[in-house]
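Input: a single structure, listed below in structure tokens.
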Amino acid sequence: MIKTKIVELPSWLQETRVVAPKRNGHSFLQQNSQRLSQLLQRFAQEADIRHQPLEEWLAPQVKLLTTLSTVLLISLNQNPFIAWLILVCNLGLLVILPPAYLKKIIRQTVISSLFAELLVLPSILLLPGQNSLFFFGRTCLILLNLSYYRTTTTFTALITALKQLHCPNSLIFTVAITITYLKLLGEYLLNLLEAITLRSVGKTAHPYQTIGQLFGILYLKTHDYALALYAAMEARGFTGDYQKETRSIHHWRDNLVLLLDATLFGLLFFLGS
Amino acid sequence: MLTVQHLNYHYPTTCGLNDINLQIKAGEFVCFMGPNGSGKSTLFNILSGLKIASSGDYYFNDALIDAAFLKNAKRRQTFHQQIGFVFQNSDVQLFNLTVADEVAFGPKQLALSAAEIEQRVTDCLRLTGCSEFRDRVPYHLSGGEKKRVALASALALNPSVLILDEPLNGLTPIAQQQMLDLLIQLNQAGKTILIASHDYNQIKQCASRFVIFNEQHKIVHDLSATDLTTMPELGQKLTLI
Ligand SMILES: Nc1ncnc2c1ncn2[C@@H]1O[C@H](COP(=O)(O)OP(=O)(O)OP(=O)(O)O)[C@@H](O)[C@H]1O
Ligand SMILES: [Mg+2]
């Protein structure tokens with residue numbers, strides 16, 4: 001056993017005394033950090049795919065392709081009939097989802113659509129007519145599709161999809177690092193906020209100063225982290241090349257969905273926009 | 001002082017804690033041991049109020065600690081004042097521009113005089129051996145230095161319970177011994193100490209009680225130090241955790 005010099009405990013540390021905070025009440029930082037933590041917690045979790053193997057339902061690249069082409073289709077389309085067809089297809093996809101996903105998607109779509117409506121409200125009021133209403137409908141449809149993709153797809157599936165679609169490695173690298181980072185930085189920020197919570201025993205005199213410091217540290221961390229990550233990847237033989245995964249499009253569902261996409265595009269072409 | 005009943009915690013994809021029952025009296029020095037991933041850090045996060053159990057109850061001084069309790073600012077602040085927590089990764093625990101500011105962050109929020117605050121900061125830095133770097137930026141300190149600053153910041157609030165998640169990791173043997181000596185003294189002064197450690201031989205000189213987790217996130221042993229001395233084969237096993 002190592003002998004060390006015994007230090008004297010100061011008297012204040014030897015008594016048990018709970019000191020009253022400077023001033024009671026909700027501190028600004030505390031309130032906001034709680035909200036932020038909730039947000040970050042949600043963010044730090046990947047798309048919720050543990051209930052059912054949703055991922056295997058479609059090949060990642062087909063799913064990405066379908067989402068992108070549907071969004072394109074919706075924005076090009078001026079024909080109510082085609083818009084209606086797309087809606088039917090979308091509803092079909094939604095109906096086979098487990099209820100938990102369904103609720104989440106609907107909530108997201110409704111909230112973001114309301115936001116979008118607020119933005120286009122002036123134009124609806126200024127130029128009344130079918131056009132702006134149709135425009136709003138299309139926006140909702142696009143938001144629905146994006147929300148569907150976001151809720152049912154993991155980051156890994158997105159990377160796989162990009163690989164399968166022959167995206168340049170530099171693009172994938174950027175996306176991959178950004179995504180990995182966002183998650184890790186989110187977790188890091190969450191931990192810092194927890195540390196602040198633990199020592200928030202009263203009103204902070206300068207909440208903005210603490211917030212400034214937080215972002216300063218976050219910046220330093222990002223920088224150090226990027227360098228370290230790249231070094232670690234290099235040390236493990238990363239040459240900037242992403243390996244292609246083997247699963248390719250041959251499932252009947254994949255083909256069916258692609259066929260559907262093509263049909264809709266064909267309709268758009270024949271019926272005119 | 002701390003009572004935990006049928007506590008479970010589930011992460012989105014894994015189990016964190018499985019039916020934990022525990023009662024800790026004021027002034028105890030409890031060491032938590034168990035394999036990696038057995039749930040020690042998770043339990044500490046719940047005890048310090050950072051996480052809320054998925055099911056089961058946690059009482060601190062007879063008050064049920066749940067979301068409703070923590071929503072009330074005054075109660076939450078008093079609660080946090082009484083529990084000091086040093087994270088397993090103290091990298092994420094420091095957010096001020098100088099070490100002195102870091103330690104002063106808590107006391108500054110209390111109705112203490114400037115002289116009292118300064119006194120607390122100086123004392124805590126001295127006790128943890130951080131006096132030399134009081135004006136440095138915490139972010140650029142070494143891992144061991146950060147651990148000590150984190151302990152100093154927790155001590156500055158004079159908590160009655162200290163929760164330390166593997167505080168000895170990354171310290172030199174001398175610094176480890178200094179920290180243990182400090183903990184023994186704090187314990188003698190009446191502080192309750194909960195510590196997670198993987199070094200049985202070292203921790204057995206101060207802990208009075210051992211709580212052992214298994215891989216299934218359950219408590220398998222809850223023994224006093226004297227009980228443990230009568231079970232040499234278990235002690236032998238603990239040296240390997
Ligand atoms: N943020 C998290 N998200 C998901 N799972 C987690 C998270 N943190 C911990 N876990 C899981 O919960 C379980 C308990 O982890 P915990 O960190 O409490 O273990 P521990 O006993 O502290 O381990 P160690 O000795 O390695 O510190 C592990 O299986 C771990 O993988
Ligand atoms: Mg741990």
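Remarks
- Take A:Trp84: with every protein chain present and a 1.4 Å probe, its accessible area is about 150 Å².
- Distance (nanometres) between label positions extended 7 Å along Cα→Cβ at B:Asn201 and A:Thr174: 5.5 nm
- Proximal aspartates and glutamates relative to B:Lys147, as straight alpha-carbon distance under 14 Å, when same-chain residues fewer than 8 apart are discounted: B:Asp91, B:Glu102, B:Asp165, B:Glu166
- Pairwise Cα inverse-distance average, inverted: Kirkwood Rh of the stretch B:142-241 (Å): 14.6 Å
- Here r is the Cβ-Cβ distance between A:Leu227 and B:Thr226 and R0 is 51 Å; the resulting FRET efficiency, rounded to 0.05, is 0.50.
- Cross-link pairs exceeding 23 Å between alpha carbons, from the set B:Lys204/B:Lys237; A:Lys163/A:Lys183; A:Lys203/B:Lys40: A:Lys203/B:Lys40.
- Accessible area that becomes buried as B packs against A, both chains, 1.4 Å probe, Å², nearest 100: 4900 Å²
- Reachable lysines from B:Lys191, criterion Cα separation under 17 angstrom, eight or more residues apart if same chain: B:Lys25
- Pairwise FRET efficiency - A:Leu218 versus B:Asp62, Cβ, R0 = 45 Å, nearest 0.05: 0.70
- When you restrict to C-alpha pairs under 8 Å that are six or more residues apart and normalise by the size of the stretch B:150-241, the relative contact order lands at 24 percent.
- Virtual spin-label span in nm between A:Glu117 and A:Gln14, 7 Å along Cα→Cβ: 6.9 nm
- Mean Cα-pair separation over length for the stretch B:1-150, i.e. relative contact order, pairs under 8 Å, 6 or more apart, %: 20 percent
- By the rule of a C-alpha distance below 13 Å, with chain neighbours fewer than 8 residues away ignored, the aspartates and glutamates paired with B:Lys51 are A:Glu194, B:Asp66.
- Distance-filtered residues of the stretch B:140-179 - backbone nitrogen under 20 Å, label point 7 angstrom along A:His206 Cα→Cβ: B:140, B:153
- At q = 0.07, 0.12, 0.16 Å⁻¹ the log10 of I(q)/I(0) for chain B amounts to -0.23, -0.69, -1.22, computed by Debye summation with a single uniform scatterer per C-alpha, solvent ignored.
- A:Phe135-B:Asn36 pseudo-label distance in nm [points 7 Å out on the Cα-to-Cβ vector]: 5.7 nm
- Förster radius 41 Å - calculated FRET efficiency between B:Glu132 and B:Lys25, Cβ distance, rounded to 0.05: 0.65
- Length-normalised contact order for the stretch B:39-112 - Cα pairs under 8 Å, 6+ apart - percent: 20 percent
- Karplus-derived HN-Hα couplings along the stretch B:191-199 (A = 6.51, B = -1.76, C = 1.60, θ = phi - 60°), whole Hz, x at Gly and Pro: 7, 8, 10, 10, 9, 9, 8, 10, 10
- The mean count of C-beta atoms from other chains within 10 Å of the C-beta of residues in B:78-86, rounded to a whole number, is 4.
- Accessible area of the stretch B:92-241 belonging to carbon and sulfur atoms, whole % at 1.4 Å probe: 54 percent
- Helix axis angle, B:173-188 relative to chain B longest principal axis, alpha carbon, degrees: 80 degrees
- From largest to smallest, the equivalent ellipsoid semi-axes obtained for the protein assembly as shown from the alpha-carbon gyration tensor read 52, 27, 22 Å.
- Comparing B:His140, B:His221, B:His80 in a Gaussian network model of chain B where C-alpha atoms under 10 Å apart are linked, the largest mean-square fluctuation is found at B:His140.
The values are calculated or read from the model by the stated rules, or taken from the named source; none is laboratory data. What you see is a predicted model; the values in this text were computed from it and never measured. Counting neighbours? That spans all protein chains shown, and the Cβs are built from the backbone with ideal geometry, glycine included. All accessible areas refer to the heavy atoms of the entire protein, side chains included, with ligands and DNA or RNA removed. Shrake-Rupley method; radii C 1.70, N 1.55, O 1.52, S 1.80 Å.
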